[in-house]
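**Q** First the structure, then my questions, so here it is.
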Amino acid sequence: MPTTAVYVTVAVILAPALQELGLSALQAHMFAFFYGVVAAITPPIALASFAAASISKTHPMKTSFVAFRLGLAGFIIPFMFAYGPELLLQGKPLDIALAVITAIVGLYLLTAAIIGFYWNAHINLFTRLILFAGSLLTLYPGIISDFIGVGIALVMYMVTRKGSVSIIVKTETNQS
């Protein structure tokens, strides 16, 4: 179904239930909208992924699983709306700015942990787990967890910039 039809269907079914659980109308509808949109890349249906596979002449299920992996951070965003209305620009300006910055850092850390690439460096499994923990801390609402998560991001940035052999996976490149 097109995005509009998916949103209308999900909004009619899901939004009232979310409002009964205590979410505002804006939070409930943004939650429904985001999940309606990311459904297009979720296997086994994955209509957008199947269309992309047809265009690129690749295997549809492999394409949909790669799209799901790359879009995994998008599945977290609706929960961030539900737990933090500051991301929907509701609240004090300082709280909104902090929520937006930590959400960006948290989603970047989550994406780096999933993909295995952080600041132009391929990273090993241990580093990916550290980045994943940092992303969870940053995405969890609370000032203390936000600072710990951002601290992890900064430490890992410094380590990857130095080119530590134990953190970075060395790759061979042909330079002409």
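The values are calculated or read from the model by the stated rules, or taken from the named source; none is laboratory data. Just so it is clear, the structure is predicted and the values come from calculations on it, not from any experiment. Note: accessible area is taken over every heavy atom of the protein model, side chains too, but ligands, DNA and RNA are not part of it. Shrake-Rupley method; radii C 1.70, N 1.55, O 1.52, S 1.80 Å.
**Q** Which value, in Å² and to the nearest 10, is the accessible area of His59 when all protein chains are kept and the probe is 1.4 Å?
**A** Rounded to the nearest 10, that gives 100 Å².
**Q** Next up: With a probe of 1.4 Å, find how much accessible area the chain has per residue, and write the answer as a whole number in Å². Could the numbers behind the result be given before it?
**A** Numbers: 10820 Å² over 176 residues.
Heavy-atom accessible area per residue stands at 61 Å².
**Q** For a quick check of understanding: with a 1.4 angstrom probe and all protein chains in place, what accessible area in square angstrom does Arg69 have, to the nearest ten?
**A** Accessible area of Arg69: about 110 Å².
**Q** Now for a separate question. Hey, can you grab everything whose amide H is under 5 Å from the amide H of His122? Only 5+ residues off in sequence or another chain; H modelled, so Pro and N-termini drop out.
**A** Under 5 Å from the amide H of His122 lie the amide H atoms of Val169, each far enough along the sequence or on another chain.
**Q** Over the C-alpha atoms of the chain, what are the Rg and the largest Cα-to-Cα span, Dmax, in Å?
**A** 18.8, 63
**Q** Between Ile115 and Glu20, what is 0.36 nm times their sequence separation minus the Cα-Cα distance? Round to one decimal in nm.
**A** Additional length available on full extension: 30.5 nm.
**Q** Counting every Cα pair in the range 74-116, what percent are over 18 Å apart? Intermediate results must be reported in sequence, preceding the final value.
**A** On the way: 246 of 903 pairs.
Of all Cα-Cα distances in the range 74-116, 27 percent exceed 18 Å.
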